[in-house]
């Protein structure tokens, strides 16, 4: 995205001191950097800043602003890091876990009905699962008398043995 | 009722460097105020008014939020005083500011920046660049004289120096080099 004039002015302000410090550190002849570069950036920036304050819609600010950026050169890129206008880390999408499921197995109308051995919990996909059956936490160890398996990619919950009418199921996404 | 605060802003508009715009910043109402006057005083004590005005001040209708005064022939450091008066010419409120009005020279400075943007080699032209640096320095110095010390004398000297560069631009700023 193109920089706005205000961003260019901010970058130029920072570039001035970055250039000055760099020239000082490089010693003899400023390491090839023009010794008056900070002054040049300042002088061009000030004229643009004044004009921008008077009329931010002036279309000539695009050309003069780009010229200012060209003057800033590498210091302009460094300055963008300082102002964070050179890019940001995209924040991860915030997500709220779905509400737990708690119900007594019925003949119909519940997530698991009497005799049902598996169900797809689409909203739970992507989460790990805690499954409690009649108040007893279940495991995925299939050698146990009752257990479950959970595919966190697809949201498929398979239980063994199948649901029995009146059982209390508590399913928590974590 | 009376004003609880009273002040004003001074501004200029692109393309009209000879015009000063004064905008009132007033809180409250006062029915006794029937007229306003604006004094624009230079460092030499002279009052600036448009051609045809015989008073030292510029009339400012009480009904207008702002007033445009066309009186500048160059950049000035000015002492600006606004008075709010009643029908008997008694000053009920007043405010004073010291300002630098630099649109003439700033416009010219920006013009030279545009020239540089369109002709990249100009930055290597010592004559052009040296004079542009002087121009910027003089404007900034004038502004500093006012903002730090309300020093109209020295500010005007700086502004006049910048104006001299602008007036001699055909010799000092060769945009074709």
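Rule-based calculations on the coordinates, nothing more; no lab input. Quantities reported herein were computed from a predicted structural model and do not represent experimental measurements. Cβ sites come from the backbone with ideal geometry, for glycine too, and all protein chains shown count toward neighbours.
Can you find a residue in segment B:119-133 that is over 28 Å from residue A:70 (Cβ atoms) and within 14 Å of chain A (Cβ to nearest Cβ)? Scanning segment B:119-133, I find no residue that is over 28 Å from residue A:70 (Cβ atoms) and within 14 Å of chain A (Cβ to nearest Cβ), so the answer is no. Segment B:50-98 holds strands (runs of 3 or more DSSP E) entirely within its bounds, and those carrying 2 or more residues that are in contact (Cβ under 8 Å) with a residue 40 or more places away in the chain and surrounded by fewer than 18 Cβ atoms within 10 Å (Cβ to Cβ) map to B:66-70.
Residues in segment A:52-70 that are touching a helix residue (DSSP H, G or I) at 6+ places or on another chain (Cβ under 7 Å) and either within 9 Å of chain B (Cβ to nearest Cβ) or under 16 Å from residue B:116 (Cα atoms) (or both): A:58, A:60, A:61, A:63, A:64, A:65, A:67, A:68, A:69. Here residue B:144 passes the criteria (1) more than 13 Å from residue B:173 (Cα to Cα); (2) away from chain A (no Cβ under 12 Å); (3) outside any strand (DSSP E or B); (4) touching a residue at least 24 places away in the same chain (Cβ under 8 Å) except the one numbered (4). With respect to the conditions (1) at positive phi; (2) surrounded by 13 or more Cβ atoms within 10 Å (Cβ to Cβ); (3) touching a residue at least 40 places away in the same chain (Cβ under 8 Å), residue A:155 lacks only one, and its number is (3).
Taking the criterion of being part of a loop (DSSP other than H, G, I, E, B) and loosely packed, with under 14 Cβ neighbours inside 10 Å, the residues of segment B:15-31 that qualify are B:15, B:28, B:29, B:31. In segment B:108-120, is there at least one residue being over 19 Å from residue A:45 (Cβ atoms) and either outside any helix (DSSP H, G or I) or without any contact (Cβ under 8 Å) to a residue 40 or more places away in the chain (or both)? Scanning segment B:108-120, I find no residue that is over 19 Å from residue A:45 (Cβ atoms) and either outside any helix (DSSP H, G or I) or without any contact (Cβ under 8 Å) to a residue 40 or more places away in the chain (or both), so the answer is no.
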